[in-house]
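The values are calculated or read from the model by the stated rules, or taken from the named source; none is laboratory data. For clarity, every value in this text was computed on a predicted model and none was experimentally measured. Please note: Cβ atoms are built from the backbone with ideal geometry, for glycine as well, and neighbour counts cover all protein chains shown. Side chains included, ligands, DNA and RNA excluded: accessible areas come from the protein's heavy atoms. Shrake-Rupley method; radii C 1.70, N 1.55, O 1.52, S 1.80 Å.
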Amino acid sequence: MEYIIIDTQEVVSQGELRRRNPDTSFPAVWGPDVLEFLGVAVVFPAPQPEFDSVSQSIIQGAPVLTDKGHYEQSWTIVDLDPEIVQVNQAAKLEQLKTSIVSIVQSNLDAFAQEKGYDGILSACSYASSSNATFKAEGLKAVELRDASWATLYSILADVEAGKRTVTSFADIETELPVLKW
């Protein structure tokens, strides 16, 4: 819990107040009498406002006296330097790409596992099988794997070029081939 020293507007912790008053015996729970004795008020927490973590930062401001008569934590949103924004955007895009690629790979593996294969790679290896059933399944797996990756990489190229916005896998899921035997 934080406190504000009324006279100086300095924000301090309970531990700091104890250190500054070494000859004072404090009760377990600080009531209004202790606060008045120390000349402090409780700073009530306030939720951080929404902000864009790519282009903005948030810092804790000085406590403000509210119309309710108590001090409350305050927040200030600060715009980041353009160079930092660019780095953040690149990192966010890379994180998004990694996430989406992982989901597509997992979906392809799960599709292959429906027929008892270890994953999509295993299913695709049967495309040259002498067994007609395995060969057909292997060819289907190759077809859907290739179509999935070609579609995904085309979408990601458009995102990188700024031609479209994608925020999650859900934004592109319906554009990918349906994985069905």
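List of remarks:
- Between the amide H of GLU2 and those of VAL43, distances stay under 5 Å, these residues lying 5 or more places away or on another chain, with hydrogens modeled in the peptide plane.
- Hull shadow area, averaged, region 1-152 [alpha-carbon convex hull, nm²]: 17.2
- 13 Å Cα-Cα reach of LYS115 towards aspartates and glutamates, excluding residues that sit fewer than 8 places from it in its own chain: GLU137
- Here ARG145 sits with roughly 70 square angstrom of accessible surface, probe radius 1.4 Å.
- All other residues whose Cβ lies under 9 angstrom from that of VAL43 are scored, Lys and Arg at +1 and Asp and Glu at -1, for a net of -2.
- Relative contact order (%) - the chain, alpha-carbon pairs under 8 angstrom, separation at least six: 13
- Rounded to whole Å, sorted largest first: equivalent-ellipsoid semi-axes of region 1-79, Cα gyration tensor: 29, 13, 10
- Cut-off 15 Å between beta-carbons: net charge of the residues surrounding GLN60, Lys and Arg +1, Asp and Glu -1: -3
- Alpha-carbon gyration tensor eigenvalues x 5, square-rooted, for region 84-160, Å: 33, 12, 7
- Local electrostatic count at TYR117 - Lys and Arg +1, Asp and Glu -1, tallied over other residues with Cβ under 13 Å: -1
- With the whole protein complex present, TRP181 retains an accessible surface near 80 Å², based on a 1.4 Å probe.
- Residues of region 40-178: accessible area per residue with a 1.4 Å probe, Å²: 62
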